[in-house]
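S.K.: Mind having a look at this structure? Questions to follow.
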Amino acid sequence: MKFQTLRNANTDRQREWPGNEKIDIAFRAIEVAGEFGEVCEAVKKYLRESRAIAGSTATISDIANEMADAIIALDLLASQLEINLGEAVASKFNLTSAKYGLKTQLPQHQETLAGDRRQNQNQSGELEDISAEMDRMMLVIETAVRWQEGKDSDNHQTILALLQKNKAVREKRSKSPPPPPEPPKERVYKMKAGVDVRQS
């Protein structure tokens, strides 16, 4: 059975499930934790019987049923998070193989691999831009506070350069050339009662 087959069946059955509209990601996460806890409980009971420890027992079949419930619950959580579980498993399996120099790999769609690389690159670039912009803004705020207090700022010589970098980041994000500078406004001087009055 493929993960997608399970996803389709899960989706169809959830439409029939009473109260499904009230289920959110937090509920699904708790459900997953509970189901995997039941797997551990079944294993404990199985070991209890094999070691002749008093108490309730479980069989391999019981463990298999609990494992199935856990996988079903995990797929439901992945569905709400819009995660392709099959591709996620293949990607993580292959990353672990590469990390330890192992040859065994699971097949992955090439478009998924390319998409993952693009997503990682984009996210990395965005985080760098955000971090740099926040650093610059903090410096702008510090300088503004110093000026407001009437103190000389040690950073006043760098503030213009930082603002220019800020502008460059915004232009890079918009992927459009910067607008042309506005032409200087003409200044007109008129005489009024013998005094120059400047208008702009």
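The values are calculated or read from the model by the stated rules, or taken from the named source; none is laboratory data. Worth saying up front: this structure is predicted, and the values here are computed from it rather than measured. For neighbour counting, all protein chains shown are included, and Cβ atoms are generated from backbone atoms with ideal geometry for every residue, glycine included.
S.K.: Among what's in the range 18-32 and is among the hydrophobic types (A, V, I, L, M, F, W, C) and surrounded by 12 or more Cβ atoms within 10 Å (Cβ to Cβ), pick the residue that is farthest from L106 (Cα to Cα).
M.R.: I23
S.K.: Looking at (1) free of Cβ contacts under 8 Å to residues at least 12 places away in the same chain; (2) assigned to a helix (DSSP H, G or I), find the lone condition where A73 falls short.
M.R.: The number of the failed condition is (1).
S.K.: Quick one: what pairs do we get from the range 49-62, first residue modelled with pLDDT under 95, second of a type outside the set (K, R) and surrounded by 11 or more Cβ atoms within 10 Å (Cβ to Cβ), C-beta under 6 Å, 6+ apart or different chains?
M.R.: E49/T57
S.K.: Being loosely packed, with under 13 Cβ neighbours inside 10 Å, part of a helix (DSSP H, G or I) and touching a residue at least 60 places away in the same chain (Cβ under 8 Å) narrows it down to one residue among T11, T5; which is it?
M.R.: Only one candidate passes the filter, namely T11.
S.K.: Another question, if that's okay. Give just the number: which of (1) exposed (fewer than 15 other Cβ atoms within 10 Å of the Cβ); (2) over 33 Å from the mean Cα position of the chain (by Cα) does A68 not satisfy?
M.R.: (2)
S.K.: Return the pairs, sorted by first residue and then second, in which the second residue is polar (S, T, N, Q) and surrounded by fewer than 17 Cβ atoms within 10 Å (Cβ to Cβ), the first residue lies in the range 80-95 and is farther than 15 Å from N8 by Cα and touching a residue at least 12 places away in the same chain (Cβ under 8 Å), the beta carbons are less than 7 Å apart, and the residues are 6+ apart or on different chains.
M.R.: What qualifies is E87/Q108; E87/T112; A90/Q108; S91/Q108; N94/Q105; N94/Q108.
S.K.: Hey, among V39, V89, V43, which residue is modelled with pLDDT under 95 and among the hydrophobic types (A, V, I, L, M, F, W, C)?
M.R.: Only one candidate qualifies: V89.
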